[in-house]
Structure formats: C-alpha cells, structure tokens
1. Of B:Thr426, A:Gly340, A:Gln373, which is farthest on the positive side of the dipole of the protein assembly as shown, counting Cα position, with +1 on Lys and Arg Cβ, -1 on Asp and Glu Cβ, and the Cα centre as origin?
2. Can you say what percent of the DSSP beta bridges in the protein assembly as shown, counting only those with both residues inside, are antiparallel? Round to 5.
3. Express as a percent, rounded to the nearest 5, the fraction of DSSP beta bridges in segment A:178-306 (both residues included) that run antiparallel.
4. What nm distances, shortest first, do you get from the label point of A:Thr83 to those in the other copies when the point sits 7 angstrom along Cα to Cβ?
5. Pull up the cross-link candidates among the lysines for B:Lys355, meaning alpha carbon to alpha carbon under 21 Å and not fewer than 8 places away within one chain.
6. What angle do you read, to the nearest 10 degrees and between 0 and 90, between the alpha-carbon axis of helix A:247-256 and the longest principal axis of chain A?
7. As a test, work out the antiparallel percent of DSSP beta bridges whose residues both lie in segment B:360-449, rounded to the nearest 5.
8. Using R₀ = 22 Å, calculate the FRET efficiency as 1/(1 + (r/R₀)^6) where r is the Cβ-Cβ separation of A:Thr434 and A:Asp395; round to 0.05.
Protein chains: 2
Amino acid sequence: MQKASLPKGTRDFSPQVMARRNFIVDTIKSVYTLYGFEPIETPAMENLSTLTGKYGQEGDTLLFKILNSGDYLKKADQDALNTKDSNRLISSISDKGLRYDLTVPFARYVVQNQTEISFPFRRYQIQPVWRADRPQKGRYREFWQCDADVIGTISLICEADFIDIYHKVFTTLGLTNYQVRINHRKVLEAIAKTIRFESSFTDLTIAIDKLDKIGWDGVSKELISKGIDASNIAKLKTLLTVQPFNESTINQIESQLIDCPEKTTGIQELRQVLAYSNLQNIHIALDLSLARGLDYYTGCIFEAIIEDSPIGSVSGGGRYDDLTGIFGLKDVSGVGISFGLDRLYDIMLHLDLFKESIQQTKLLFCHFDSEGQSHCLTLANALRNSGLTSVVYPDNKKINKQFDYANKSGFKWVAVVGDNEISNHTVQLKNMETGKQEEVSQDSLIEALS
Amino acid sequence: MQKASLPKGTRDFSPQVMARRNFIVDTIKSVYTLYGFEPIETPAMENLSTLTGKYGQEGDTLLFKILNSGDYLKKADQDALNTKDSNRLISSISDKGLRYDLTVPFARYVVQNQTEISFPFRRYQIQPVWRADRPQKGRYREFWQCDADVIGTISLICEADFIDIYHKVFTTLGLTNYQVRINHRKVLEAIAKTIRFESSFTDLTIAIDKLDKIGWDGVSKELISKGIDASNIAKLKTLLTVQPFNESTINQIESQLIDCPEKTTGIQELRQVLAYSNLQNIHIALDLSLARGLDYYTGCIFEAIIEDSPIGSVSGGGRYDDLTGIFGLKDVSGVGISFGLDRLYDIMLHLDLFKESIQQTKLLFCHFDSEGQSHCLTLANALRNSGLTSVVYPDNKKINKQFDYANKSGFKWVAVVGDNEISNHTVQLKNMETGKQEEVSQDSLIEALS
C-alpha cells in the first residue's frame, strides 16, 4: 500500500476552495473582458531555450526541467556525465521546462503568431506557473497568475485602463483598502542624475528596493558608502516619500529633479496617464521608491498592495519596450499587469471576505424506500430541466443519515418524499439554512425554490 | 536571436479557439453542476510513486518526468549512471511527474482527504493531462480531460445519471448524432463462460477489442486458433452485435447466456440502469463488444461516439470497485465518465458546429484627434460601467486604419466620434456585421447596443 501524498509546495483544491478561487478568477476575467482583453492559453511546457536566460541566473535554477523521453542518457553530454556535473548535463538530457511566468510565453506567442494578430493586441491569460522555490507560507511551487497585456501601441491610455482595472477588480472583491503604486523608469533615471549617483543605475535601484527591509537608515548608509553626499541623500529621501498621484505631486517632483531628457519624458508621461485616468483618488499613489522588475520595464511601473494584510504585493506590472525582441520581433511596445491569484485568495481568507453563499444552490431528494426513490428521480429530472441542481440520495439509508449528508455537503434544500407525499403530489421542502419546512405541491416546487 | 517555437505535440490557443473551447467546457460544467457535481483541482505534478505502475508498462514510459532540482547527480544511482541505464536511473534523479489522467490523482485526493469528504462524493475535474505519446493528428502531448465521478455508493442511479448527462451535453453542443454504448464487465465474463473460452478472460477482451481494426473475420480466426468451436463463434457473433438498450434486448441476451453468478448480476444491473434512466432512445446502445479499460472497471462500462465523425470515442467511463484501494482506502465503489475536450473540439470544427457569435460582443471607439479620443474615454467608461465591453482605439491613426483594426479584431460595433458628434452629444454607430450605420445620441447608446 502506498501513502497518498503530494509533492511539497503543491496543493489540491476542494470544492469549497474552488468556489472561492473561481469567484476571484471570474471577477478578474469579467473586468479584463470589459476592457476588451481576450483569453489565450499557452502550454505548460515550453522549450528550455525559450525559458532559459530570461529570469536571471537564479531563475534558471528555479525552472522545473522535464527529462527527455526514451534512452535519454544515450545523447547525454558524456563529459558532464563522467564528471557528474549536474548543471552542465541538463541541456543534453532535458529540452523542455514548465513555464515560470506568463510573460515570456506571451512574448513567444506574439512572435510566433505575429501574422495572424492584429495589433494592438489585448490578451489576458490565467494559468498556473511553476517555480522550484523553497516552499513557505504564501509561497507555492505551483501558483496562478492572471495577466493582461496590450502589445503594439505606445498609447498611455493603456496605463490609464490598468489603473481603472485595479479599481474595479479590488472593489468587486471587497478589497476596498487597496493601494496602487505608480512609478516611472525614466523618473528613476532622472533621480540618479539629480543625486549625482556615479555607480550603475542598477546599484541605485537595488539599494532603493531594500527600503522595505532595512529602512531609510540602512539605505542611506549604503548610498553614503557609494559616495553620495548628505544633501543629495536628503533630496532622495524627499523624493522617495509615497504621495498621492495628482497634478500637484507631479509638479513638485518635477521641480526637484534636474533637467534631463529622462525627466522630460517621465514627468510628461505620468501627467498624461493622470489626465487619461478616470480615477484620481486616495487609492492611487506615486511611489518613486518602486523599483520592481526594472530589467525589462522601460516606462510606467505598477504595484498593488492591500493595506492591513500580512502579504506584500498582490499585483505588479509596467511598460516594456522590447519584450518580443529576443524572439526576433523588434520595436513592439507593450504594457501589462499580473494578479497573483493565490495571494489574493490568502488575503481574502485572512480578511474573512468570502461569502458563504459562493457555492452553488442545490437540492437533495430524500426518501424512505425504492418507490419513493424512483419518484424522486422523476422530480429531480424536472428540476434539472429548469436549470436547478438536484441530486437524488442514491442509497436506501435512514432519513437522518440522508439529512446528515445534506448538511455536510452544503445542500441548501432538502425535499423529502414518502408515501403521503407521493399520493398528495407534494414534497416536504426544508430550507437547511433557515430550518423552515413546508409541504409544497410538486407543481410549485420550482417556484418555491426561487 | 532565438526562434519562437513550441515543444512538439503542444499548442497555443488563440482568443477564437479559446472562445470555442470555453463553450464546450462551460457546457460540460453546467451539465455536471445540474447533477450536483462540484469542481476540484489537483496539481500538475504528482509524486512519481503515485503515478508509476497505474497505467501499465507502456503508460510508465509515457509519463513526463521532472528532473530533481539542485545537484541531482549527487544522489543518483551510481550503478545506473556508470552503466548508462536510462530507465534504472530515473527513480534516483526524478521523484515527480506530470499527471497522466485525472482518475489516479482523484483516487489519491479521495484517500488523502477522506476525513473531510462526505460520501457519496460527486466531483468534476477539468484539467490538462500530459503523455509523451508520438504526436499525430488528433493526438496531443498536452490535452484536456473533463471527468465526473461519484464515489462511495453502489447505487445504479449514478449510471443512469451519466446516461442523462451524455444526452444533455451532446445535444447542447449540437452533436445530435451521438451514440452512448453500454456494456457490463460481468456480462462479458458470462459470455466467456457461455462460449467456453478456456484461456484467460483478458485474452478474450483483447481479441474482441480488435473488432474495429481487423473485423469479425479477423477476430473469429484468432478465437478459433485459441480453441473455440464454430458454434460458439456463431453465438459470440450474435451476442456482440450492437443493439438498442431496451428491455427486449436485455431479455434476448439473458436467454443466450448460460446461467452463472456473473450473468445474474450483470443482467440485473443493466435492467436496473435502464429502469432508472430517463432516456430510452435511439442514441443508447447495448454493445457487448465494448471492452475498454477492463483493468479496473468492474460493473457498467460506457463509451460515447459521434457518428459521421473521423474521430473514435469522445468519452469513456464505467464503474470501478476498488480505485482507492491502492492508496489504502478499501471497498469504496465509484463510477465516472471522462470527455476528451480536444476531441470534441476537433469534431465540432470538422462538423462546422461553432457559431460565429461565440466571441464576446464588443465596441471600438474611433476618433480623428486627441480631443475626440479623450471624449471617447469618458463614453467608454460609461459603457463599461453598464457591463458592455468597449475599447478606445489607443493611437491617433487614420480612420480607415481604425476600422480595419475593428474588422480584424472581431468588434461587432464601431462608434465614431468627430467634432460634430462632440457638439451634438452623439456618436456614429456602425454595426460591423450588417454594415448599418446611424447617428445615436450618447444617452441612448447603451440602448442601441442591446
């Protein structure tokens, strides 16, 4: 006998969990759909050549690799095999891996289908991704991303759309205490020039990115060690304060930055996004300390958090000018965001936001003998033909066992059919939520349920 | 530069394909839901110990195995490594694989969650599975199964439910020319006794299973070579003829079989399924030549085909008495069916059953300048707030380019806003399907679209 178990970092989803996850997914889908995004799906497996080198060196080690079929050792790198070099052997015994995110497969999709796509192309994609990360609270080896991207336009209307999408998704989910943080890659570059940061731009963003962990004192120490003087540290501190995303904040930041092409573009684009956006409310913040994913983002950058929740960001995104370049399609600008389904789920559970009524309304027919059961089958079919979920208790068991099952399995309604009910053409209908029970004629059963 | 490509046997799904696939999936989901089935999901990866040995020797070689992370050669079987024995090495360098079907993961799920499940448990599961099969027309390495099972009852009401489910799914999809074929494992065993088949029962089913390929002549030759005499061959031929599933067919078969416990049970169960079933129509056939998956089926067996289609079975299923036994939960009977999504899709495409209107209705706002575009943004937001999908063309391009985009991207409606329309508070609304265009006031736009 084997023990039933799952690989670490992976999970089963029960009907109750599925109902809740589907509520989140359906919400995101319907908002994406309102803004004209359409679904695509890509395979779980991609060629390793598509995935490798796209997520940094650490990312490469976190890819799940699939062993080639058949006699895979025959074509293996014999040197690597003899020296037992695991890393070097990989490329000769594995040519496929599980997707690590939805962005690279999307870029690959766009390039591969470029002749059939009419640009600007608005797609959404909600699928699992896999990372061989160390599993820990809130971090899984299989988790779901919900991406939307527009590719093939530089129009900042798209950025404004995404801000609206954030608002609609979070308020529909009941996550009213959300904050969308915005930054612009070019404004960050202008900041580097303003504070005369002589090292690499990446060093500055790495330092800034540590704000959450080591606080301002830690960051300023690190920057001083890199030769930034006190007055510039002070300037930086003012700039990095999170502020409302409005005209006066943008003006103020503009006045604090030295003139350079990056400032001109960055400030102008932020101003345009603000002008296009439907929303200028307390939930949208300008956060120049936001430095995520700068490897490929080139314009606006987004991050969304839920305040008072123990989990960090639930969504990120931004504009990238050359995502498809690596697969041979140059100069196609795009912008997108991605929600983490599992993080949204964990936060909503933590905040107790799932309504009990998310599961399907359903009715269980209970009976005392085979005759009653046969009668129930006919009634159940009539209900189903009217679109109502119903189940006939399949076995001949005591009525309290049947009620017990109805309770545990989340049936809202129970209809009991005995000899009296058969001759009266009725059922005893019980609402399991309120406990109320009444005799209802078979003809008015559908009515009584709605 | 890399070439954008996919692993063989895998596919991307475009928005158009997704809309069609979702139509099939939503149909199956809603029928399953009507009969009280609830969704679960299990991870793509399972422990290899869960999967290995469940699908026969060939199945084991078709499992996609995932290479262990890190320095996987360190813990590798050194003997297997030195002798370059690919097969023997696997278990020491890979402990996870991609799921091969949804049945084994479901059995694992039931055993692992047995204390939380109330039986009979009705679950459906619609997820991809992976097999390292040789890709060919209609056979993919990643494909979707749509399973429903009831576990924890021996009631034949479940079998009757599945017959009804077949009817509802196929007619909703427009596959009116379907046939559900039914057999019973015990009737097959009674046939073996009737024709005095002395070899193993498996040999008989293997021979019968070849009917499709080698015809009756081939099968009878094979059976004669195994010692069956001519009169028994003739008996078998009569028994294996596909007949309508009704009382008179069952009586007739009963009279042709010799008395044995298998006959008693098998015939009685078929009769009971017929009595429970809502449907006794031309689409349901008794096919005693159906011998699929006899390794674990123990009662009724189902197969569904679409006549006049180039693809064989689109669904199969049956009752199994001990699916969970291997994981330590004994004596739990279950019954289930599984639709092949990709086969249904291929058949519906072949029969031209997809309606063009499956995709979302959506509207594109077109404009002549920035002022018009800004105006469109406001109108688009109003439509979205009423639940209507709308997109503002993001760039400032010539109007015919914008119309061109609307056409190619499947927008049903185009609303054009120029200076006149802004001052008149109207839009020029064009139905791209009919070509009809009219000036509509902004206030009645929502009305005009519905």
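None of the figures in this text is laboratory data; all of them are computed from the coordinates on show. Source: prediction; values computed, not measured. Here Cβ is always computed from backbone atoms with ideal geometry, including for glycine, and neighbour counts include all displayed protein chains.
1. With unit charges placed on the Cβ atoms, the residue in question is A:Gly340.
2. On the way: 107 of 135 bridges.
If we restrict to bridges inside the protein assembly as shown, about 80 percent are antiparallel.
3. Working: 9 of 12 bridges.
About 75 percent, rounded to the nearest 5.
4. Inter-copy label distances (nm, one decimal, shortest first): 2.8.
5. List returned: B:Lys29, B:Lys168, B:Lys408, B:Lys412.
6. With rounding to tens, the tilt is 30 degrees.
7. Values: 9 of 18 bridges.
Expressed as a percentage, antiparallel bridges in segment B:360-449 total about 50.
8. Details: r = 27 Å, r/R0 = 1.23.
Efficiency computed from Cβ-Cβ geometry: 0.20.
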